[in-house]
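Working notes for the structure below.
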Amino acid sequence: MFIAAHPLILASGSPRRKDLLRQAGLTFQILPATVDELPHPSERPKDFAERMATEKTLQIAAIHPEACVLGADTVVTLDRRILGKPRDKTHALAMLKNLQGQTHTVITGFTLMMKNHAMFEAGTVATAVTFGTFTEPILESYVQTGEPMDKAGAYAIQGAGGFLIHKICGSYSNVVGLPMLPIIQILLKWNCIHPDQSPSHP
Ligand SMILES: Cc1cn([C@H]2C[C@H](O)[C@@H](COP(=O)(O)OP(=O)(O)OP(=O)(O)O)O2)c(=O)[nH]c1=O
């Protein structure tokens, strides 16, 4: 779909982000950043997500100033509290019990940087997600799949956890880990990618 006109680096170890970029046809290198993912006292969830995305991007851009670097961070928020990834299965069950029957917000912060800070864009996208209500054995059996363990909010909309969701309002890819629309728009604007206009092969 798109052709890379400039080296692109994804500063994230998330397999979901890799899949989203691959689905769009992008070619890129993966170099996960290691940052301390702890919110400052009274830091708003959207500020935290954007700061994390920027810290990840800056870390990798410092080593690869020639590339366009994309960093991101996804947080789940309920009543202005940040729900990160669950510590263990008990924590995952508690998170899911807390989220059921309610609408929470998934915020993904993203940062793109190119040409040694000369080109820099950072922002956040929020998606409202409403869960259904379930019996405890149903939530327990979902936790037993292991899927919740490396996911913010202890679920994966793109996986078995899709059954939990009553409705969403906003970007789907943002819940999975990257708001694809603004990211592709910025990459096109910076001439980092072009639409692939070669004839398709059967
Ligand atoms: C809510 C939700 C989150 N997630 C994932 C997206 C993110 O990968 C993860 C949130 O953790 P992040 O800290 O944003 O990302 P990461 O630790 O996977 O990767 P890195 O720090 O290297 O960038 O939760 C889903 O896959 N599906 C969902 O429905």
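What to note about this one:
- When each of A5, A11 is tested for being within 25 Å of Q158 (Cα to Cα), hydrophobic (A, V, I, L, M, F, W, C) and either away from the ligand (no atom under 11 Å from the Cβ) or open to solvent by less than 20 Å² (accessible area, probe 1.4 Å) (or both), the lone residue that passes is A11.
- Selection from region 177-202 of residues that are open to solvent by 20 Å² or more (accessible area, probe 1.4 Å) and within 14 Å of the ligand (Cβ to nearest atom): M180
- In the set A128, A152, only one residue is near the ligand (Cβ under 10 Å from one of its atoms) and within 15 Å of P45 (Cβ to Cβ); that residue is A152.
- Identity of the residue in region 150-161, at pLDDT below 95 and in a helix (DSSP H, G or I), that ends up least open to solvent (accessible area, probe 1.4 Å): A152
- Verdict on F28 being in contact with a His (Cβ under 9 Å, 6 or more places away or on another chain), open to solvent by less than 60 Å² (accessible area, probe 1.4 Å) and not small (G, A, S): no
- When L93 is tested against (1) open to solvent by 60 Å² or more (accessible area, probe 1.4 Å); (2) in a helix (DSSP H, G or I), just one condition goes unmet, and that condition is (1).
The values are calculated or read from the model by the stated rules, or taken from the named source; none is laboratory data. Keep in mind it's a predicted model, so treat the numbers as computed, not measured. In this analysis, Cβ positions are derived from the backbone assuming ideal geometry, glycine residues included, and neighbour counts consider all displayed protein chains. Accessible surface is based on the protein model in full, side chains and every heavy atom, while ligands, DNA and RNA are left aside. Shrake-Rupley method; radii C 1.70, N 1.55, O 1.52, S 1.80 Å.
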